[in-house]
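Quick note: the coordinates plus some simple rules give every number you see, no bench work behind them. Quantities reported herein were computed from a predicted structural model and do not represent experimental measurements. Glycine gets a Cβ as well: all are built from the backbone with ideal geometry, and neighbour counts include every protein chain shown.
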Amino acid sequence: MSSAAVVSVAGSPGVTTLACAVAVASGEDRALLVVEAATSGAAIAARWRLDVRDTVTTTARLAMEASGTVDLWAAAHQPWLASSRVIPAHPSPVVMRQAQVARWLATHLTSVHQPVLIDAGRVDGSVEQFDLLAAADAVWVLVDPIVEQVVAARAVAEWLNATGPVHLLVREPAGDPARDSAGALASTLGWPVAATVPDDPQSARALCGLSPARRNLARAPLIRTGKAVADRLAAVKGPA
């Protein structure tokens, strides 16, 4: 098992969209489990038409009702044509906090045999979120190369570094390959760059459920990046 948690700082730049891109891009040999653990509540369920009111298992429901060992892979749902699965968050932030989803998930990560990608949402500085990030094998911070997010990332850098290895996912501004931006961010924050994430609004709209997926979606820049991130996740070394 290998696991990575993706987080953002101020002005959330698309953690959930990237998680969906990684899942959609994964093939049969790269099946992964996406777990939505953001305290802000569900986004994935609405995007992929999952009815969380009665029929869909959420991370909050598992945290509140499950006891003992839980087969997270078996409890997950498969909304994508790819072989990856998802356990969405509950849509209510209140329920997510009351269920202490992050702390519960931290104790169950090692039971999953497939690679796990955790949508941990925005850094909130809570003890529960710290425990979850520390339990993951890697933490990836998605940022835009703008002053506000650099300042926000520097403000939480010490806290994030205490959780374990931290890498950057740098969003590319439109019309800019972001090579210099990514390098400057890595130098400023002291975190290596795991990948750059292209500005691909058409694919992002499809992954947000706002428009139909175009026929050649698999060739889209954002989905190609998703595949690269899925490959990187598979290569992350988990506990022996």
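By average Cβ neighbour count within 10 Å, what is the ranking of 121-131, 31-41 from highest down?
Ranking the peptides 121-131, 31-41 by packing returns 31-41, 121-131.
Rounded, prolate or oblate: which fits the stretch 3-235 when a ≥ b ≥ c are the square roots of the eigenvalues of the alpha-carbon gyration tensor, with rounded for a/c under 1.5 and prolate only if a/b beats b/c?
Oblate is the answer for the stretch 3-235, as a/c is 1.5 or above yet b/c matches or exceeds a/b.
Which of PRO115, VAL9, VAL150 sits farthest toward the positive end of the charge dipole of the stretch 3-235, with +1 on the Cβ of Lys and Arg and -1 on the Cβ of Asp and Glu?
PRO115
Mind jotting down the distance between the C-alpha centroids of the stretch 7-76 and the stretch 115-155, whole Å?
Taking the Cα centre of each part, the stretch 115-155 and the stretch 7-76 sit 16 Å apart.
Could you work out the local net charge near PRO88, counting Lys and Arg as +1, Asp and Glu as -1, over the other residues with Cβ closer than 13 Å to its Cβ?
Local net charge: +2.
Going by how many other Cβ atoms sit within 10 Å of their own, how do TRP140, TRP191 line up, fewest first?
Exposure proxy ranking, most exposed first: TRP191, TRP140.
Using unit Cβ charges (K, R positive; D, E negative) and no other charged atoms, how large, in debye to the nearest 20, is the dipole of the chain about its Cα centre?
Rounded to the nearest 20 debye, it is 500 debye.
If you take every DSSP beta bridge whose two residues both sit in the chain, what share of them, in percent to the nearest 5, is antiparallel?
Restricted to the chain, the bridges split so that about 5 percent are antiparallel.
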